[in-house]
Amino acid sequence: MGQSTAASASAPYFDISDPAFSVQSEEVRRARESGWYARTNYGIAVLRHDEVGRLLKHPLLAQGSARWPAHHGITSGPFAAWWANWVLNKEGEDHRRLRRLLNPAFSRRLVDPLVPRFQALAAELIGAFREPDRCEFMGEFAEPYAARVIAIMLGLPEEHWPELARTSATIGLAMGVTIRADLPRIEAALDDLYGYTDELIAARRRDPRDDFVTRLAQAQHEQDRLSPEELRDSLVLLVFGGFDTTRNQLGLAMRAFLDHPDQWRLLGERPELGRAAVEEVMRTAPTTTWVTREAREDFAFEGLDIAAGTTVHLFAESAGTDPLSVPDGRFDITAERPPHFGFGGGAHHCLGHFVARADMSEALPLLARHLRDPRPGGEQRWLPLSGNTGPVTLPVAFTPRSVPPTGSKGAPA
Amino acid sequence: MKVVVDLTLCQDHGQCAIAAPEVFRMNGEGRLEYDGSPGEGRREAAEDAADVCPVQAITIED
């Protein structure tokens, strides 16, 4: 893979499979200063904003994760079948057909009416913190919030959230290098989720509602519809793709604001900055630290010959903080910023970004209003700072507000 | 019907070309090309494209 790409032997080299490798390390910063790419143990890593933006949408690059299970010796069985059916791993007309059928259910105009429920949920969780002046942010907020947003989207009773969180986290093991050893657990979790989604689909077919699952079940483009398998695979994808990412991204946001208390105070005073806050956090600390593509054929890019089959890792965090694109280097939720790559881009742009943007931009200002002067409140544990990252635990101490949280904006301070 | 794309917002993700290939296409360089005055029969497709645009750069004017 990529052996024949004519990467200069003098280009920096990273072992991105090493759990100690960090996309935020000095070595990555230095490499970004000296050039737009680095060599890695498989394929090349792209480090600068301009090149990441162009390669993300390059017509000769395909999504690079389709062969991940096969790289680990998994070529058949329920997991391999689900992976192959997953819209992210489709290309060409198969991919375009699925996106045409799935996209309308995720549109902004259908997501926006859920905003009051996101606000009420955030307020309920903050009101239920076990202690008045501290919380374990991941366990008491980010995780239940992310999982209950999924339950709201699917029209499931919200008290089922621990089940959604557990199965989703287990399927997430598939993204790790121990996928082969974890396969029996992953397939059991997949089976549980299939049970869930099959019941849900049957219920909406019997009794259609004005909701997301009904819309997908009825989705139609010209004469075409989702098959029953495509429908259940897509719902499993929603749970899996929406939960971990949102939980981690909320944790990364809280962590970023611990370092920028003035910005947190401002966000609490001006909740309309919620959307900009989400964008600024995803620019500087995206949970998806890189996006993978694969060359469909040989091509030259900026003087580099990239051979067919080469893996191209597009470093979203490195691109977002590239001084060539954001010279001031500040974290500033009021500044005009170039687009970030935290939702990937191109044909495979994140399907659920309107939901993620809406739910996080409601949660953050409400948190900022109630968790005043937040500071680290104990030992943090983190996922590796590569691949998909985020805090595992994030204790936060704060000064509570005297008024209990409500879901509505603009309540008197 | 007039289709207007705000090219200061457009990032060439190409979701519009997936939703409505009869109105929008991505050229060999991955840049957007589109028909600004498609026939009335393409309204639904053009509206789907406007809905799906990640940066909401597309507007349909009557």
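The values are calculated or read from the model by the stated rules, or taken from the named source; none is laboratory data. Predicted model only: the values in this text are computed from it and were never measured. When we count neighbours, we look across all protein chains shown, and the Cβ atoms used for this are built from the backbone with ideal geometry, even at glycine.
Quick rundown of the values:
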quantity	calculated
Pair list, Cβ under 9 Å, 6 or more apart: the stretch A:89-103 residue more than 8 Å from chain B (Cβ to nearest Cβ) and surrounded by 17 or more Cβ atoms within 10 Å (Cβ to Cβ), other residue in a helix (DSSP H, G or I) and aromatic (Phe, Trp, Tyr)	A:89/A:68; A:89/A:83
Among the residues listed as A:6, A:45, the single one being touching a strand residue (DSSP E or B) at 6+ places or on another chain (Cβ under 9 Å) and within 20 Å of residue A:175 (Cα to Cα)	A:45
Any hit, the stretch A:276-287, residues being at pLDDT 95 or above, part of a strand (DSSP E or B) and in contact with a helix residue (DSSP H, G or I) (Cβ under 7 Å, 6 or more places away or on another chain)	no
For residue A:163: the one exception among (1) within 28 Å of residue A:367 (Cα to Cα); (2) in contact with a Gly (Cβ under 7 Å, 6 or more places away or on another chain)	(2)
Condition check for residue A:9: in a helix (DSSP H, G or I) and either surrounded by 21 or more Cβ atoms within 10 Å (Cβ to Cβ) or without any contact (Cβ under 8 Å) to a residue 40 or more places away in the chain (or both)	no
Complete set of residues in the stretch A:1-18 that are at pLDDT 75 or above, over 30 Å from the mean Cα position of the chain (by Cα) and among the hydroxyl-bearing types (Ser, Thr, Tyr)	A:8, A:10
Test: residue A:163 is part of a helix (DSSP H, G or I), more than 14 Å from chain B (Cβ to nearest Cβ) and in contact with a Phe, Trp or Tyr (Cβ under 6 Å, 6 or more places away or on another chain)	no
Conditions (1) touching a strand residue (DSSP E or B) at 6+ places or on another chain (Cβ under 8 Å); (2) within 13 Å of chain A (Cβ to nearest Cβ); (3) in a loop (DSSP other than H, G, I, E, B); (4) not small (Gly, Ala, Ser); number of the one not met by residue B:9	(1)
Given (1) within 23 Å of residue A:275 (Cβ to Cβ); (2) within 11 Å of another protein chain (Cβ to nearest Cβ), index of the condition residue B:32 fails	(1)
